[in-house]
């Protein structure tokens with residue numbers, strides 16, 4: 001886990017790396033190493049991400065920032081839009097426990113067929 005006062009510092013990703021002889025120079029504790037975990041730490045922008053399937057946009061990342069901005073009266077917020085050309089292949093069956101078909105294909109309220 002990393003910690004920083006700079007909110008733009010973030011973990012950018014990790015991967016497993018087979019142990020090499022040169023890696024053993026960094027060992028401080030006893031034991032037999034099996035694999036190394038490499039994590040990249042860097043800077044990124046706190047972007048708000050949305051997924052677009054056809055005409056529908058679904059917030060993918062940045063709920064708290066959107067809520068704070070809307071609560072402050074901001075009505076237009078810049079976002080990064082990820083256009084999905086083949087959502088059946090590009091989306092998991094569920095996003096945060098909500099079935100993907102419900103998010104992207106269920107008729108929206110006020111569109112003639114409401115939710116209730």
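Could you work out the helix-only [θ] at 222 nm for the chain, with each DSSP H run of four or more residues adding -39,500 (n - 2.57) and the total divided by the number of residues, to the nearest 500 deg cm²/dmol?
-4000 deg cm²/dmol
Could you list, bin by bin from short to long, the percent of Cα-Cα pairs of segment 49-105 in 10 Å steps?
Here the calculated profile for segment 49-105 is 21, 49, 25, 4.
Sticking to Cα atoms, compute the Rg of the chain to one decimal and its Dmax as the biggest Cα-Cα distance, whole number, in Å.
21.1, 67
Top mean-square fluctuation among 101, 18, 87, Gaussian network model of the chain, C-alpha springs under 10 Å?
18
Quick one: among 37, 53, 80, which has the greatest mean-square fluctuation in a GNM of the chain with alpha-carbon springs under 10 angstrom?
Residue with maximal mean-square fluctuation among 37, 53, 80: 37.
Out of all DSSP beta bridges with both ends in segment 49-105, state the antiparallel percent to the nearest 5.
The antiparallel proportion sits near 65 percent.
What are the extents of the Cα atoms of segment 18-66 along their three principal axes, in Å, largest first?
Each principal axis gives a Cα extent; for segment 18-66 these are 55, 22, 16 Å.
Which residue fluctuates the most in the chain, going by a Gaussian network model with Cα springs under 10 Å, if the choices are 89, 16, 24?
Of 89, 16, 24, the most mobile in the Gaussian network model is 24.
R0 = 35 Å: FRET efficiency of residue 85 with residue 38, Cβ-based, nearest 0.05?
Working from the Cβ atoms, E equals 0.60.
Please arrange 94, 64, 76 by how many other C-beta atoms lie within 10 Å of their C-beta, fewest to most.
76, 64, 94
Where a number appears in this text, it was derived from the coordinates with a stated rule and is not lab data. In this text, all values refer to a predicted model and were calculated from it rather than measured experimentally. Every residue, glycine among them, receives a Cβ derived from its backbone with ideal geometry; neighbour counts consider all protein chains shown.
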